[in-house]
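Step one of this worksheet: look at the structure below.
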Amino acid sequence: MKVAIPKAINKRIGQALHDYQMLADGDHVLLAVSGGVDSLVLCHILKLWQQKAPISYTLTAVHLDMGFAAGQDGLVANQLDNTNLDYQIITTTLDPEALALSEGKDVCFHCARNRRSHLFELARSLGCNKLALGHHKEDIIETFFINIFYGGNISTMLPKQSLFNGDLHIIRPLSYLRKNEVHTLAEQFGIEPVANPCPQSDSSKRVVIRQKLAALYKEEPDIQNTIFASLANVKTEYLPKITRN
C-alpha cells in the first residue's frame with residue numbers, strides 16, 4: 001500500500017533537502033539504522049523520494065549491532081524488510097569496547113565515537129558519498145543545549161556536514177520536522193520500532209536535557225521554533241571572548 005506523506009510534513013522535508021542540497025544525481029547514500037522510529041522513518045522517506053525525484057541515487061541501509069543485546073539484529077531486520085531497501089546487518093563489539101575505554105565513565109561518548117568511525121569506514125568501503133542520519137529538529141536543539149551545559153561550547157548538529165575534504169557528507173533530511181511529526185509518519189508506515197537496548201538510554205545527559213526542554217515547551221509552545229531559528233542567527237560580535245587562566 002502506497003503511503004501519502006501529509007502535505008505540510010512533505011513540504012518541510014523537501015525544504016530541508018533543497019536548503020542544504022542534500023541529494024544529487026549519482027549519490028550513493030548510506031542510511032544508518034538504529035532500529036528506532038527516526039531512522040526507520042527516514043528509510044521509508046528516502047525510498048519514496050527516490051521513486052519521484054528527478055535525480056537518480058542509490059540507497060543502502062546498515063544496522064550496526066552494538067553488542068548490547070542478543071537478538072536485536074533480527075528485530076531490526078524485520079523492520080528493514082518492509083522498506084524494500086538493500087541493507088546489511090553488521091555485528092560489532094562496540095559496546096564492550098566503549099566500556100573498556102571509558103572505565104565506566106563517559107560510555108556514551110566512546111560508544112558514539114566508535115559507531116561514527118565504523119560508519120565512516122563502511123561508507124568508504126561501499127563507495128558511499130552521503131551518510132544519512134535520522135535526527136530531527138528536537139535532536140538538533142537538544143545537542144545545542146548539551147554542548148552548552150556539559151561541553152562548554154556553542155555548537156550543534158548540522159543538517160548537512162562535509163567531512164574528509166568533501167569525500168563524505170552527513171545529511172539529516174528530518175532536520176525541519178518535530179518529533180511528533182516523525183511519529184505520525186511512523187504510524188502511517190506501520191513501523192514497529194525496536195527498543196533501545198543501551199543500559200544508559202534512560203539516564204543519559206540527552207535525557208536530562210530533553211526533560212528540561214519538555215517542561216519549557218509545555219509553558220511556551222512556540223519557543224521551540226524560536227530556538228531553532230536562533231541557531232542560524234548567531235551574532236558573534238555580541239559574544240564575549242574570555243581568556244582562561
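Some notes on this structure:
- Counting only helices (runs of 4 or more DSSP H) that sit completely within segment 160-242, those holding 1 or more residues that are touching a helix residue (DSSP H, G or I) at 6+ places or on another chain (Cβ under 8 Å) and under 14 Å from Val37 (Cα atoms) correspond to 179-189.
- Filter pass, Gly166 being surrounded by fewer than 17 Cβ atoms within 10 Å (Cβ to Cβ) and either closer than 30 Å to Gln72 by Cα or in contact with a strand residue (DSSP E or B) (Cβ under 9 Å, 6 or more places away or on another chain) (or both): no
- Selection status of Glu192, in contact (Cβ under 8 Å) with a residue 40 or more places away in the chain, closer than 30 Å to Ser117 by Cβ and among the acidic types (Asp, Glu): yes
- Filter result for Lys52 (surrounded by fewer than 14 Cβ atoms within 10 Å (Cβ to Cβ), basic (Lys, Arg), more than 17 Å from the chain's Cα centre (by Cα) and at pLDDT 80 or above): yes
- Among the residues of this structure, Phe149 does not count as one that is within 15 Å of the chain's Cα centre (by Cα) and not in a strand (DSSP E or B).
- Residues considered: Ala24, Ala77, Ala16, Ala8. Of these, the only one that is part of a loop (DSSP other than H, G, I, E, B) and out of contact with any helix residue (DSSP H, G or I) (no Cβ under 8 Å at 6 or more places or on another chain) is Ala24.
- Pairs with Cβ under 9 Å, 6+ apart, first in segment 1-30 and over 21 Å from Leu119 (Cβ atoms), second among the acidic types (Asp, Glu): Pro6/Glu181; Ala8/Glu181; Ile9/Glu181; Arg12/Glu181
- Put simply, of Ile154, Ile242, Ile223, Ile209 the only residue that is of a type in the set (A, V, I, L, M) and either buried (at least 17 other Cβ atoms within 10 Å of the Cβ) or under 29 Å from His28 (Cα atoms) (or both) is Ile209.
- Exactly one residue among Leu42, Leu46, Leu30 is out of contact with any Asp or Glu (no Cβ under 9 Å at 6 or more places or on another chain), closer than 13 Å to Leu131 by Cβ and in a strand (DSSP E or B), and that residue is Leu30.
The values are calculated or read from the model by the stated rules, or taken from the named source; none is laboratory data. Only a predicted model underlies this, so the values are computations on that prediction, with no experimental measurement involved. Please note: Cβ atoms are built from the backbone with ideal geometry, for glycine as well, and neighbour counts cover all protein chains shown.
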